[in-house]
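For reference, the structure discussed in these notes is given below.
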Amino acid sequence: MESDRIVIGALLFILLVIGSNIVMYAIARGAAKGGDSRWMSALKNSLSKPLNDSPANKSMDELRKRMEELGKKKNEE
């Protein structure tokens, strides 16, 4: 009984690995062919997009500037 579960688990793992390899092969083949797929261009755009436009980075930049100003004032005194 226990060995049956192990075999089923191993088969599911093997099928998962084979399935992911097929998906990655299809993605690589589509990228190599240079087809006009919208999802591939959207993925490229999202990965190449700079992270500086996020609100969290803007608030951190504001905090950094404020700390520099306070440091300058402290050094002047």
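The values are calculated or read from the model by the stated rules, or taken from the named source; none is laboratory data. Please read all numbers here as calculations on a predicted model, not as lab measurements. All Cβ positions, even for glycine, are placed from backbone atoms using ideal geometry, and neighbour counts span all protein chains on display. To get the accessible areas, we keep the full protein, side chains included, count just its heavy atoms, and leave off ligands, DNA and RNA. Shrake-Rupley method; radii C 1.70, N 1.55, O 1.52, S 1.80 Å.
Note that the chain presents 98 Å² accessible area per residue, ligands and nucleic acids not counted, probe 1.4 Å.
Considering only Gly30, Gly71, Leu11, the residue lying farthest towards the positive end of the dipole of the chain is Gly30, judged by Cα position with unit charges set on Cβ. Against the main long axis of the alpha-carbon atoms of the chain, helix 38-48 sits at an angle near 40°. Placing pseudo-labels 7 Å out from each Cα toward the beta carbon at Glu77 and Val7 gives an inter-label distance of 7.9 nm.
Under a Cβ-only charge scheme (Lys and Arg +1, Asp and Glu -1), can you give me the dipole magnitude of the chain about the Cα centre, in debye to the nearest 20?
Working: 13 positive and 10 negative charges, 62 e Å.
For the chain, the charge dipole is close to 300 debye.
Helix-only arithmetic for the chain: the sum of -39500 (n - 2.57) across DSSP H runs with n ≥ 4, divided by the residue total, places the mean residue ellipticity at 222 nm at -29500 deg cm²/dmol. Distance between the 7 Å Cα→Cβ label points at Leu15 and Arg38: 3.2 nm. In the chain the Cα-Cα distances spread across 10 Å bins starting at 0 as 14, 18, 16, 17, 16, 12, 6, 1 percent of all pairs.
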